[in-house]
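A.B. asks: What follows is a structure written as structure tokens; I'll ask about it next.
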Amino acid sequence: MRAPHGNQSASAIRRVVTGEARDGSSMLASDVLVEPIEVTLLPGVAFFKLWGADAMPALPNDGAQPPSRDWFPPQGGFRFELITLLPDAAHPPSSASADAEAMARKLAETDKLLPGLVGEMDPQNPGMHRTDTVDLIYVTSGRCVLQLDGGAKVELKAGDTLVQNGPRHAWHNPYDAPCGLLTLSIGVPRVGMTDNV
């Protein structure tokens, strides 16, 4: 997505936010470029944290950015994000003898830049995870495969939508082009289950 001004990064995404004053008048709150978050653990994957809040907002709202620390929202919160998945072939397989110290550094970096992401992943089944969210997803470009726990798979392509109601899942891109996923995640309660991996 191209930045609005010619001298700025083409990898950034423009985010325009409106608001409303207490007297009801409309206002332009901000117009900024959001840079991707990239981590060495997942080379080439771009995470855009576009907006979010840890509690449901109320109106009138002046458009100030609310706090939202972790990548996934808590109950009652939400996240608006774009993730670009590189083709699986772009990720070299990790060696069993990989340097444990280097891996620890990569995990620490990921936890710093994308808090809470690593903690939701199943260490025995890389990429598989379950979050207490309802995710509304639109595929902006490319193709990918959603794999559910138990082996069910579905291919999604540009223009497809997905309503994901909290299952264990993983994402794969076995194709030759990146895949963009625009996501609105809503934090919801999970009743009667204790395993969150």
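The numbers here are math on the coordinates, done by the rules we state, and not lab data. The structure displayed is predicted, hence computed values, not measured ones. Here Cβ is always computed from backbone atoms with ideal geometry, including for glycine, and neighbour counts include all displayed protein chains.
A.B. asks: Give, rounded to the nearest 20 debye, the magnitude of the charge dipole that the chain has about its Cα centre when Lys and Arg contribute +1 at Cβ and Asp and Glu contribute -1 at Cβ. Walk me through the numbers on the way to the answer.
C.D. replies: Values: 16 positive and 23 negative charges, 50 e Å.
Its charge dipole is roughly 240 debye.
A.B. asks: Also: If R0 is 22 Å, what FRET efficiency do you get for His172 and Arg105 from their C-beta distance, rounded to 0.05?
C.D. replies: 0.30
A.B. asks: What angle do you read, to the nearest 10 degrees and between 0 and 90, between the alpha-carbon axis of helix 100-113 and the longest principal axis of the chain?
C.D. replies: Helix 100-113 sits roughly 20 degrees off the main axis of the chain.
A.B. asks: Can you give the calculated 222 nm mean residue ellipticity of the chain, where each DSSP H run of n ≥ 4 adds -39,500 (n - 2.57) and the sum is split over every residue, rounded to the nearest 500 deg cm²/dmol? Write down the numbers at each step before the final one.
C.D. replies: Numbers: 1 runs with 14 residues, N = 197.
Helices in the chain give a 222 nm mean residue ellipticity of -2500 deg cm²/dmol.
A.B. asks: From the square roots a ≥ b ≥ c of the eigenvalues of the alpha-carbon gyration tensor of the range 13-72, which class results: rounded (a/c under 1.5), prolate (a/b over b/c), or oblate? Don't skip to the answer; put the middle values down first.
C.D. replies: Details: a/c = 5.20, a/b = 2.03, b/c = 2.56.
Note, shape of the range 13-72 comes out oblate.
A.B. asks: Which whole-number percent gives the relative contact order of the range 67-197, counting Cα pairs below 8 Å spaced six or more residues apart? Display every interim value, and only then the final one.
C.D. replies: Values: 260 pairs, mean separation 49.9, N = 131.
Relative contact order of the range 67-197: 38 percent.
A.B. asks: So between Gln164 and Asp31, what do we pick up on full extension, going 0.36 nm a residue minus the alpha carbon distance? Display every interim value, and only then the final one.
C.D. replies: Details: separation 133, 0.36 × 133 = 47.88 nm, distance 3.04 nm.
Length gained between Gln164 and Asp31: 44.8 nm.
A.B. asks: How big is the gap, in Å, between the Cα center of the range 172-194 and the Cα center of the range 140-162?
C.D. replies: If we compute the Cα centre of each part, the gap is 10 Å.
A.B. asks: Another question, if that's okay. Cα to Cα, under 20 Å, and not fewer than 8 places away if on the same chain: which aspartates and glutamates meet these conditions relative to Lys153?
C.D. replies: List returned: Asp88, Asp122, Asp135, Asp176.
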